[in-house]
Amino acid sequence: MPSKSLVLRHFFRGGWATDFGPTVDVSPDQSGKVDVPFLVDAQDCVFELDGGPHEIGGTTRVNSVAVASGAMVTGVYDYWRQGTAGSPTRRRVLHAGTVCMNDLDDGTFVNLFTGLQSGSVPAYATFNDLLVISSDSTTDVPRSWDQTTAQNLAGTPPRFSFSVAHKNRHWAAGVYTQPSRLYYSINVDPTDWTGAGSGSIDIDPQDGDMITGLASHKNELWVFKGPNKGSVHRITGSSPTGSDAFARTTFVKGLGACWHNAIFRLADDLGLVSHYGTVHSL
């Protein structure tokens, strides 16, 4: 007997495209086939080469109870300390709400720092076996943890938002009072920012942008600015002075990273999310 029912089959043709609006004609053809050209919302999806999505596989839950009373987790870092005993130790570090926590590699999280600015975006970097923790907060200062002592970062560091290790120095930026200034520590000491061998480099100051991200890539330090005009710069060299002194060259203008956490490794390339909301690679 003929039926008025029609089985609809949906085919994804364009993956995830947040730049498009939500209105699109997805009327089925006579066979019930519906071509969806793109998705405005897509969560926990992997898109195959033919455009077909499937859910990203999960893992066993690390923590048995909600951390920070169920506050939103804003950062996660896998911190390994090599030490000198020949047996490295691992700690998971996360930010949630107003606290920074770690676990003993067993899913039980305890507080490292409390009273942090809620909603701030954290950044992590490991150098000289020390975990350096910072954020885009305008009030929180950089912190450190060596799996024993959790404290404000020793010495006289600037109040930076993010940092990376590069050429045996620690580099930092995101200082709101000096938005275009790139700082570097002395050799092999992320706590000394004023001694001999430390310094700073100004990257096109007062160009309408601030430094929004750093990455050590292919033997150079890459500096990203935004969010208004955007630019990418390369720091070459291995020391403050001499024949191989640090030098800055501009790589591209009109494009930058929206923030430090939007820069990521992509095989042998470096990817970034720009202030246009689009993913690019170098």
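The values are calculated or read from the model by the stated rules, or taken from the named source; none is laboratory data. Since the structure is predicted, the reported quantities are computational estimates derived from the model, not experimental observations. Because the Cβ atoms are built from the backbone with ideal geometry, glycine has one as well, and the counts that use them run over all protein chains shown.
In summary, strands (runs of 3 or more DSSP E) completely within the stretch 189-278 and bearing 3 or more residues that are within 15 Å of the chain's Cα centre (by Cα) and buried (at least 21 other Cβ atoms within 10 Å of the Cβ) occur at 210-217, 220-226.
Condition check for ARG81 on (1) in contact with a helix residue (DSSP H, G or I) (Cβ under 7 Å, 6 or more places away or on another chain); (2) touching a residue at least 60 places away in the same chain (Cβ under 8 Å): one failure, at (1).
Evaluation of GLY119 against the conditions (1) within 18 Å of the chain's Cα centre (by Cα); (2) in a strand (DSSP E or B) shows that the sole unmet condition is (2). Just wondering, is there one or more residues in the stretch 209-216 that are without any contact (Cβ under 8 Å) to a residue 24 or more places away in the chain and not hydroxyl-bearing (Ser, Thr, Tyr)? Looking for residues that are without any contact (Cβ under 8 Å) to a residue 24 or more places away in the chain and not hydroxyl-bearing (Ser, Thr, Tyr), one finds none in the stretch 209-216, hence no. When the stretch 172-188 is filtered for residues that are under 13 Å from ASN128 (Cα atoms) and either touching a helix residue (DSSP H, G or I) at 6+ places or on another chain (Cβ under 9 Å) or assigned to a strand (DSSP E or B) (or both), only ILE186 remains.
THR126 satisfies every condition listed in (1) touching a His at 6+ places or on another chain (Cβ under 7 Å); (2) free of Cβ contacts under 8 Å to residues at least 60 places away in the same chain; (3) under 30 Å from ASN187 (Cβ atoms) except (1). All of (1) touching an Asp or Glu at 6+ places or on another chain (Cβ under 7 Å); (2) surrounded by fewer than 19 Cβ atoms within 10 Å (Cβ to Cβ); (3) not in a strand (DSSP E or B) hold for ARG92 with one exception: (3). When ARG91 is tested against (1) farther than 25 Å from ALA262 by Cα; (2) in contact with a strand residue (DSSP E or B) (Cβ under 6 Å, 6 or more places away or on another chain), only condition (1) is not met.
Taking the criterion of being surrounded by fewer than 23 Cβ atoms within 10 Å (Cβ to Cβ), among the hydroxyl-bearing types (Ser, Thr, Tyr) and at pLDDT 95 or above, the only residue of the stretch 149-173 that qualifies is THR149.
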